[in-house]
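The values are calculated or read from the model by the stated rules, or taken from the named source; none is laboratory data. All figures in this text were calculated on a predicted structure; none of them were measured in a lab. Cβ sites come from the backbone with ideal geometry, for glycine too, and all protein chains shown count toward neighbours. Quick note on the areas: whole protein, heavy atoms, side chains included, nothing else; ligands and nucleic acids left out. Shrake-Rupley method; radii C 1.70, N 1.55, O 1.52, S 1.80 Å.
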Amino acid sequence: MNTAVVADRPVTRRRRVRQFVPPQHGAWAMLLLPYTVGVALAGPRWPHLPLLGAWLTGYLLSYYAFQAIKSRRPSRFTPQLLVYGLLAAPLAATVALARPAVLWYALGYAALLAVNAGYAWRRRERALLNDLASVAQSCLLVFVAATIAGVSVTRVTPAFAVLLLYLFGTVLYVKTMIRQRGDSRFLRLSVGYHVLALAAVVWLDVLLGPVFLLLLLRAALLPARRLRPVQVGMIEIWCCLVVLAGVLATL
């Protein structure tokens, strides 16, 4: 047997896997945090399981759909669109059949996805408004989880607000660490935002103040350090866990 061919097989398999996994590692926290908070606060129900599947495969489907829009060559992404479309559709249908009330959120998601599609067409996916639309989509999942459990959305509205403040602040902070590194004006924007977010959270629940004070300190101090993207990501995973613990303990 040709050893070169054998050695090349794992590489080929890894390459194929990478074709179906977006290089957006930070997105997973933004996807899983609101889901976890929503299910924990509302109480788990069986439709939350297909909801998680529909949510993750729907994200993957949208990622490659926007890549197709951006590239103007949708045929390049036909395999990914077919795989994730076929996975997401029955999962989403299961949730809708179990809890038809969740269909009310479809209009909101459609509008936010239209914003993403517009920025993808203009190849400006890093625009702040586009990031805010993506953050809003994730945070809306708190309401979806509550609706599935038959819990009033007012019960989880404070958690929705806290997560929205945290995740949009994370978008600003990460930009100061990577794409906008060294931009003093953007750093002031990020720090100023975190000051306002701290004030807003203290108004919602003073016990969350220490959590957002920690986020403010990381936004103000870490941009002065030269950290690799993987280090930025690891720090943000810890921050995400701190926010999760704080929300579940106080709200």
Please work out the FRET efficiency for the pair LEU196 and ARG228, using the Cβ-Cβ distance as r and a Förster radius of 30 Å; give the result to the nearest 0.05.
0.55
Quick test of the membrane-span-like rule: which DSSP H helices of the chain reach at least 15 Å along their long axis (C-alpha atoms) with mean Kyte hydropathy at least 0.5?
27-42, 48-71, 78-98, 106-121, 128-148, 153-177, 184-204, 209-221, 229-250
Can you pull out the trypsin sites (Lys or Arg not before Pro) in the range 174-251 that DSSP calls coil and that have at most 14 other Cβ atoms within 10 Å?
ARG179, ARG181, ARG225, ARG226
If I model a spin label at ARG124 and THR154 as a point 7 Å from the Cα along the Cα→Cβ vector, what separation in nanometres do I get?
4.0
Run the helix sum for the chain: -39,500 (n - 2.57) per DSSP H stretch of 4+ residues, divided by residue count, reported at 222 nm to the nearest 500 deg cm²/dmol.
-26500 deg cm²/dmol
Rounded to the nearest 20 Debye, what is the dipole magnitude of the range 74-201 about its Cα centre when Lys and Arg each give +1 and Asp and Glu each give -1 at the C-beta?
420
Express the carbon and sulfur contribution to the solvent-accessible surface of the chain as a percent, rounded to the nearest whole number, probe 1.4 angstrom.
70
Express the accessible area of the range 97-251 per residue in Å², computed with a 1.4 Å probe while the remaining protein chains stay in the model.
52
Among VAL102, LEU113, PRO23, flag the residue with its Cα farthest along the positive direction of the charge dipole of the chain, charges on Cβ as +1 for Lys/Arg and -1 for Asp/Glu.
PRO23
When the chain is fully extended, how far beyond the present Cα-Cα distance does LEU107 get from LEU217, taking 0.36 nm per residue of separation?
35.9 nm
Compute, for the chain, the length of the dipole vector about the Cα centre, with Cβ point charges of +1 (Lys, Arg) and -1 (Asp, Glu) only. Units Debye, rounded to 20.
1160
Prolate/oblate/rounded call for the range 60-163, Cα gyration tensor, a/c under 1.5 rounded:
oblate
Within the range 43-77, DSSP-loop trypsin sites (Lys or Arg not before Pro) with at most 14 other C-beta atoms within 10 Å are ARG72
Rounded to the nearest 0.05, what FRET efficiency is calculated for LEU97 and PHE20 with R0 set to 30 Å and r the Cβ-Cβ distance?
0.65
Signed unit charges on C-beta, dipole axis of the chain, positive-most listed residue PHE66, SER138, TRP238
PHE66
Can you tell me, using C-alpha contacts under 8 Å and at least 6 residues apart, the relative contact order of the chain as a whole percent?
20
Distance in nm between label sites at TRP28 and VAL242, each 7 Å beyond Cα in the beta-carbon direction?
2.2
